[in-house]
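What follows draws every value from the coordinates through simple rules; no lab data is involved. Here the structure is a predicted model, which is why all the values come from computation and not from measurement. So basically every Cβ, Gly included, is an ideal-geometry build from the backbone, and we count neighbours across all protein chains shown.
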Amino acid sequence: MGQIKGGFLRCGSAIASSIALMSASAVFAQESGSATSEARAESDIIVTGTRVRTPGLTSTSPISAVEGEQISLQRAVTIEDFSVKMPQLAGGVNSTSVGSDAFGAQTLDLRNLGQNRTLVLINGTRAIPFSFRNAVDVNSIPAPLLKRVDVLTGGAAAVYGADAVAGVVNFIIDDSFEGWQANANYRAVAGGASQFGGHVMGGLSLGGRGNLVVYGEYTERDSLLAGNRDFARRGVATLPIGGNFTDVASGRTFSYDASGNFTLTPQSTDYTPDFLLVQPLRRINASAFLKYDVLDNVELYGRVMYSDLRTRGGSRSGQNPPTTGANGINVQIAENNPFLDPQARARLTFVNGFATVNVRRSLGELGVTYAQNNRETIQGLIGLRGDITPAIGWDAYYQYGRSKESIVVKGDGTRSAFAGLVNTTDIFGPGGDFTSVLRDFNFGDRKRTQQVASAYVSGDTSDFFAGWAGPIGFTAGYEFRRETGRFVYGADLGTSFNQGTESAPLVPPFVKVNELFGELVVPLLSDLPLVQKLTVEGAYRRSWYEKSVGDDRRYDTNKLGINWIVSDDLRLRGTRQTVIRDANIGEFANPVFSIPFANLRTVARLFPRYAGDPCVGATNSATIAQCTAQGYRGPYDSNNPANLQGGYFFGGNANIEAERGKTYTLGGVFTPTFLRGLNLSVDWYKIDIRNAVGQIQPVDALTSCYITDPTPGNPLCAAVTRDPTTGYILNAFVDDRNLALIKQQGIDIDFRYGFDLDFGPPESRLTLGYTASIVTKYSIQRNAALTPVNCKGTYGAACSSDLVTLVAPDFRSRATITWDSKPLTVQFGWRRIGSVRDSTAGSVGRIPAYDYFDLNLAVRPPVEGLTLAFGIDNLFDKKPPLPVNPGAYNTFPDTYDVLGTTFGFSVTLRR
């Protein structure tokens, strides 16, 4: 509460200063009421990429917008329902990210550059992140209330601050909605993952001085098990439900298969069919948006957004049932154990009536494990804005957001209790009663807070200086931001079968930022041949960072832009910006955790991080020499979990430095007056990121050390160690660190052409739409001593910047054709994902281009405000690819559709 109170006091002083400005101009404003109203109307128009308020201003940065009508036509219940179709956005975390600690969330990943490099805004201000890596669950945003969604390409750090490295996604809420609306919807999916829900919202005018809009939503989704999809059923087997047994004294072994038959052949069990492919969830969202003229020239505005999410996913160690571990558990089997059959008894050595037996077994009788997550997120904003003159306004606001969650692991058990029941429960073969060891484990509680206070003035000089080509636009302001994180992990996790011990940072982490920022928009020329208007823009931000690890820094970012309106038909634009992203709480403060290295072969979502020991079967002389130098001793099954006895260590790094970079854009907008209804924009972009924060996964380190750069001084060789006795792969160290470079270039195309039809029903109109994102260059350099990896059009961990999205096509597009008449709207959509090749060294694996088609209909019966919407996604039931070196469930659920054909229906009544 102290932090909240302090934040409100800081915000209060800023607001008090603004009120003083407002009071000084009150008389002037009352005398100029008409001009003031017009100025305020202009201020309601949000231009993503700038805070400058001046009439007719357009963005110099490339922006692709999705209008609210399109969102509604796609029956979007959540942001995920339509964001997956936007070409600029990669997969990110979504409903199929089972095992991720982003339970039930949908995050946004611009251009495969990472969700931590994509800044999410709501009406131009920051959305509250739920994760310690600054990811935002956009499904907490009310999709039915959206006027539009702006996707801004390129950095925007000088305007919005850190994290806007790849770009910005700005959700524009309709806070002027009047009337009421109710909706019910259902999505049918074969085998599971069906979803239903509904929302109600209402808006009213407050005596002509403002608006109040309230919104409530309920969504529920069923689970989808991997066994209900043919492509996902096959996984990696773990210890058997029947058990593998070793007599410690003699070394004799025996096993039982899944039918309870005695055998001398070691067994294993694949539980993948019982794993969650899509997480079930229940979500409640509630929001309220307010704006009200407290004085003729002062508006109070604010919002409150609340989300309660309950979902079930995989734990950090995966979804397998409790197991005794790769090394097994040594227990004392009594000679009179009633469950011993003669064959097993003959292979045991009894001393004083007991045999010491190593048991390697899963407790599949208890079912698979899972993590139950409850996350509550709330964000509130309150602000005042008004006019100093008809052309100059001020804005001051404070916002506070908090996300807290509790995670309980279910289906696991107490490891020490197993030894006590081996002579009272049948452990030899499936079917034993192990419920006495079963218990829930409180994995931990996590809390994330964010406070932002900002005050600025914005407008232009038209009141006192018209300029030779027009008034100069400007913004000047201050922003304060504080973010905190709290980790509280269960103290007894280490006593369980599958969970590892976790520890929180010694000092609760925080980031505190003070920033000064400013923008200028200077008209240079106007009303000349080939120059209707030419303006240049500049933005500058100075940031002072303070962190709990004592690493205080100062950063400067800037922007230069040009906007050349050639005529009503053509506008050209370009920007050059510097960007900064200091380490977030997860990157600099997460303690180092570990899981068994063997999990990289038993947990599906971890498969892409390790592809075996490249020394096994090596033929290249340089590779062989490197293998010998690094301690390799000879062939072994490097994919067998039993041979991977070490740990996989990961976590934060207090010594991480900030990412720095530059972004460039150049393009134009073509709106020919001779062909009304046509709008075409083409923009080139270039993003260069130095000191990019990331991890070096075992697959990257091993590939670099032994295949692509097999030299004695390769620094990546230290990231994966070997057992000094056996030479087997032992430990991996993948804590966050500064890599070298990430570079990407590409072209965005946005086309729309709409025209009236002279035939058919009255008021018929046909609209053609096309949006494409083309990547022309993309490379990642993990270390300055190494050769950059060409990542253009690839899949796999080697070319993922954050190990969330694993597919980086060089082409994505969506084309639509929409026929609209007064009673009926029909839209046919075609989404294309370009072909990709395997980024694993030496692999020839490829995934061909993928095409998805959808059909949506909106029917408006002769009942006031009633709309019936129908839709089919993945119209032709396109199955996901099954490539070489896949991700989870033998494919890549982050990118390709795993649901199959889905049918949707919604009914909306609006008055």
**Item:** the chain: calculated mean residue ellipticity at 222 nm from DSSP helix runs of at least 4, using -39500 (n - 2.57)
**Value:** -2500 deg cm²/dmol
**Request:** Set Lys and Arg Cβ to +1 and Asp and Glu Cβ to -1, take the dipole of the chain about its Cα centre, and tell me which of 904, 359, 146 lies farthest positive.
**Result:** 359
**Item:** 11 Å cut-off, amide nitrogen to a point 7 angstrom out along residue 671 Cα→Cβ, residues in the stretch 539-570
**Value:** 568-570
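Can you put 685, 186 in order of Cβ neighbours within 10 angstrom, beginning with the fewest?
Values: 685 26, 186 16.
Ranking 685, 186 by Cβ neighbours within 10 Å, fewest first, gives 186, 685.
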**Item:** Added length on full extension, which subtracts the Cα-Cα distance from 0.36 nm per residue, residue 640 to residue 759
**Value:** 36.1 nm
**Prompt:** Name the residues of the stretch 849-870 whose amide N is less than 18 Å from a point 7 angstrom out from the Cα of residue 766 along the C-beta direction?
**Reply:** 856
**Complete:** The answer for residue 533, listing residues at least 5 apart or on another chain whose modeled amide H is closer than 5 Å to its amide H, is 527, 565
**Prompt:** Cα-Cα pairs above 22 Å in the stretch 220-365: how many percent?
**Reply:** 59
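Taking only the Cα atoms of the chain, how large is their convex hull per residue, in Å³? If you can, show how the numbers build up before the last one.
Values: hull volume 157.0 nm³, N = 911.
For the chain, the hull spanned by Cα atoms encloses 172 Å³ per residue.
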**Asked** For residue 878 and residue 206 in one chain, what is 0.36 nm times their gap in residues minus the Cα-Cα distance, to one decimal in nm?
**Response** 236.9 nm
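Might you report the magnitude of the Cβ-based charge dipole of the chain about its Cα centre, with Lys and Arg at +1 and Asp and Glu at -1, to the nearest 20 debye?
Details: 85 positive and 85 negative charges, 225 e Å.
With only Lys, Arg, Asp and Glu charged at Cβ, the dipole is about 1080 debye.
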**Request:** Report the one residue of 772, 747, 730 whose Cα lies farthest in the direction of the positive end of the charge dipole of the chain (charges on C-beta: Lys and Arg +1, Asp and Glu -1; origin at the Cα centre).
**Result:** 730
**Item:** Rough spin-label spacing in nm, given labels placed 7 Å along Cα→Cβ, for residue 465 and residue 188
**Value:** 6.7
**Prompt:** Relative to the Cα centre, what is the charge dipole magnitude of the stretch 440-495, using +1 at the beta carbon of each Lys and Arg, -1 at the beta carbon of each Asp and Glu, and rounding to the nearest 20 debye?
**Reply:** 180
**Request:** Quick one: which residues, 5 or more positions from residue 597 or on another chain, have an amide H under 5 Å from its amide H? H modelled 1.01 Å from N in the peptide plane, none for Pro or chain starts.
**Result:** 646, 647, 648
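Stokes-Einstein D for the stretch 145-268 at 4 °C, 1.567 mPa s, Kirkwood Rh over Cα pairs, in µm²/s?
Values: Rh = 21.4 Å.
For these conditions, the coefficient is 61 µm²/s.
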**Asked** What nm value, rounded to one decimal, do you get for the distance between residue 416 and residue 259 when each label is placed 7 Å out toward the C-beta?
**Response** 4.1
**Complete:** Convex hull around the C-alpha positions of the stretch 66-159: the volume in Å³ per residue is 100
**Asked** Reachable lysines from residue 662, Cα under 20 Å, same-chain residues fewer than 8 places away excluded?
**Response** 559, 686, 743, 777, 792
**Prompt:** Between the stretch 710-753 and the stretch 155-232, how many Å separate their Cα centres?
**Reply:** 36
**Message:** Based on C-alpha coordinates, I'd like the Rg and Dmax of the stretch 665-743, in Å.
**Reply:** 23.1, 78
**Complete:** Applied in sequence order to the stretch 269-277, the curve 6.51 cos²θ - 1.76 cosθ + 1.60 (Karplus, θ = phi - 60°) yields integer Hz couplings, x standing for Gly and Pro, of 9, 9, 9, 3, x, 8, 7, 6, 8
**Hz values of 3J(HN,Hα) by residue in the stretch 133-147 - Karplus curve (6.51, -1.76, 1.60), Gly and Pro given as x** = 9, 6, 7, 10, 7, 6, 5, 7, 8, x, 4, x, 9, 7, 7
**Message:** Net charge within 9 Å of residue 874 by Cβ-Cβ distance, Lys/Arg positive one each and Asp/Glu negative one each, not counting residue 874 itself?
**Reply:** -3
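Evaluate E = 1/(1 + (r/R0)^6) for residue 234 and residue 625, where r is the Cβ-Cβ distance and R0 equals 35 Å; express this FRET efficiency to the nearest 0.05. Please report the intermediate quantities before stating the final value.
On the way: r = 37 Å, r/R0 = 1.06.
So, using R0 = 35 Å, E works out to roughly 0.40.
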**Request:** For the stretch 719-729, just list the computed ³J(HN,Hα) in residue order, Karplus coefficients 6.51, -1.76 and 1.60, θ = phi - 60°, integers in Hz, with x standing in for Gly and Pro.
**Result:** 6, 9, 9, 10, 5, x, 8, 8, x, 6, 4
**Fill in**
With the stretch 317-376 reduced to its Cα atoms and the Debye formula applied, log10 I(q)/I(0) at q = 0.12, 0.18, 0.29 1/Å amounts to -0.45, -0.76, -1.17
**Complete:** Quotient of Cα radius of gyration and Kirkwood radius for the stretch 795-911, i.e. Rg/Rh, equals 1.13
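Once the Cα gyration tensor of the stretch 690-816 is diagonalised, what are the square roots of 5 times its eigenvalues, in whole Å and ordered largest first, as equivalent ellipsoid semi-axes? Don't jump to the answer; show the numbers that get you there.
Values: eigenvalues 449, 40, 23 Å².
Each semi-axis is √(5λ); the values are 47, 14, 11 Å.
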**Request:** Net charge near residue 794: determine it from the other residues with C-beta under 11 Å of the C-beta of residue 794, scoring Lys and Arg +1 and Asp and Glu -1.
**Result:** +1
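For 503, 317, what ranking results if the residue with the fewest other Cβ atoms within 10 Å of its Cβ goes first? Please list the in-between numbers first.
Details: 503 13, 317 24.
Taking fewest neighbouring Cβ atoms as first place, the list is 503, 317.
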